[in-house]
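> So that we are looking at the same thing, I have put the structure below in structure tokens.
Where a number appears in this text, it was derived from the coordinates with a stated rule and is not lab data. Since the model is a prediction, treat every value here as computed from it, not as a measurement. Note that we place each Cβ from the backbone using ideal geometry, even for glycine, and neighbour counts take in every protein chain shown.
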Amino acid sequence: MSRDDLSNVWMIAFTVCCSTVVTANGFGPGKQIWGYSEVRPRAFIFWWLYRTHAQPYDSEKPLIIWLQGGPGASSSGFGNFEEIGPLDRMLKPRENSWVREYNVLFVDSPVGSGFSYAEDLSLLARNSTTVVSDLLEFLKQFYQTIRATTAIDWESVPLYIASESYGGRIAVEFAYALAKEIQADVMHCKLVGLLLGSAWLSPLDSIAAWPSYLSGLGYMDETGRERIASRVAAVSEKMAQQRPGMALEGWHGLQQAIIQETEGINCYNVLKPTTKEIPALAIESDEVLEYGETLWWYSDTSAPPVIESHSSLERLMRGPVSRMLGIANKSPWGSQRTAVFDALSDDFLQSSIRTVEVLLNETTIELVLFSGQLDLITCLPGTLAWMNRLFQKRTDRNPRQEAFTVGGMDGVIDGYRTAYSERFVHYTVLRAGHMVPADNPSAMAHILRRHIVRF
């Protein structure tokens, strides 16, 4: 479909929406509420709540906050239209949308992601502490706003924080800070669990697994594996020396080395086809650019990849969506995402494993992790490395892995479940890469049904 044809599809859908309930309820089907929260002077977070489509509307279904990765990626854009929202990028209904069963709150965090913005770039967060502080302030304002808007006692509704990639690092820090606020009787809400997808919780463990992971899949020979391993060691050394700036420079070099050694690989799903003529991360501009991780991965500014300056998702968000929501006069969607990553560059390779341990020791929150078997970024061997290390200190027993299917006992195996403790469960999801909800939505729905409070 050409760009003009795609634009016509959107304009037709936009016209239809304007003559139906959407004019009063947002963009797309169902009841929606959205707005901005000024979390610091001149720093604004955009949020977008989709009321569940489950009937009746006033039932107190669980509330799930979705935090995207990056940093700098957009929940309102990518998480919504590419992964779990009621419509996909082509504005077709999504069969496995999370909104079918749950209330979903998309939050463009950190400030500067998606529709969120800072009036001055110096106000962008430079560490996870500020990002979490902003989220706490947002949530306080959200509950105040929603209390005056609906008849539901939202503070008593079970709350879950779901995330992807770097969003997982923020999610665990946010959950711990929120738990402390609840314990101190400062915040009043019912935080039940964390859903951590492809979580970037221990970056050094993830990258340490890359050489063997890629070699084992046949993407490079032994000489190539050794070259990549030497770059990984250099990054780890700089982090040990507490020189995050130099570590990030090494990280950028590591990215480019992997692209060269593999002659192009899709880091989000290693089985997706690539070509030698165009850098692998440039050919799927909608997937990569809008996820906010083009600079995350392909960051050689001296030789940037050839991509469309405006992808179809960006045109959708800056055009029909922003107009329908009445925010077209605000900061253009995604315009500050690169600045967000740059501001948080020193934080990017830090670990949050200590916070995971504290959550298990000091709270009753359930942690549910899920990993796509085809993801390179937070590849399964790296995730297993830090989980096994964490739980070797906590128990002598070896957790048992069990297969799960979506279609019952006779169904095709969709993955494996491993319970490390009563409150820490990990899922390996088959036929999925970095974006598990998009790649294997049936398996994702199974995980949600098993761990979200049912009414």
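> Mind ranking 444-450, 185-191 by how tightly packed they are, going by the mean number of other C-beta atoms within 10 angstrom, highest first?
Peptide ranking by packing, descending: 444-450, 185-191.
> Mark the label point 7 Å from the Cα of residue 384 along Cα→Cβ and return the residues of region 205-239 whose backbone N is within less than 17 Å of it.
Within reach of a label on residue 384, which here means backbone N under 17 Å from a point 7 Å along Cα→Cβ, region 205-239 contributes 205-218.
> Can you list the residues, at least 5 places off or on another chain, whose amide H is less than 5 Å from the amide H of residue 404, using H built in the peptide plane?
Under 5 Å from the amide H of residue 404 lie the amide H atoms of 414, 415, 416, 417, each far enough along the sequence or on another chain.
> Taking a ≥ b ≥ c as the square roots of the Cα gyration tensor eigenvalues, with a/c under 1.5 meaning rounded and otherwise prolate when a/b beats b/c, else oblate, which class fits region 340-379?
oblate
> At 0.36 nm per residue, minus the direct Cα-Cα distance, what do residue 147 and residue 183 gain on full extension? Give it in nm, one decimal, please.
Fully extending the segment from residue 147 to residue 183 adds 10.8 nm.
> Amide H to amide H under 5 Å from residue 191: which residues, 5+ apart in sequence or cross-chain, H placed 1.01 Å off N in plane?
159
> What nm distance separates the two modelled labels at residue 419 and residue 335, each placed 7 Å from Cα along Cα→Cβ?
The answer from the label model is 5.1 nm.
> Which lysines have a Cα lying under 25 Å from the Cα of residue 393, excluding residues fewer than 8 positions away in the same chain?
Excluding near neighbours in sequence, the set is 180.
> What order, most packed first, do the peptides 144-152, 225-233 have when packing is the mean number of other Cβ atoms within 10 Å of each residue?
In decreasing order of mean packing, 144-152, 225-233 become 225-233, 144-152.
> Follow-up. What's the center-to-center distance, using Cα atoms, between region 358-390 and region 89-152 in Å?
24
> Check the straight Cα-Cα distances from residue 61 and name the lysines below 17 Å, setting aside those fewer than 8 residues away within the same chain.
Of all the lysines, those that pass the test against residue 61 - Cα under 17 Å, at least 8 places apart if same chain - are 31, 190.
> Also: HN-Hα J couplings of region 361-375 from phi, Karplus 6.51/-1.76/1.60, θ = phi - 60°, integer Hz, Gly and Pro as x?
My calculation for region 361-375 gives 7, 10, 9, 10, 5, 8, 10, 10, 9, 9, 10, x, 5, 9, 8 Hz in order.
> So, in nm, how far is label residue 121 from label residue 137 when the simple model puts each one 7 Å beyond its Cα toward the Cβ?
So the label points at residue 121 and residue 137 sit 2.1 nm apart.
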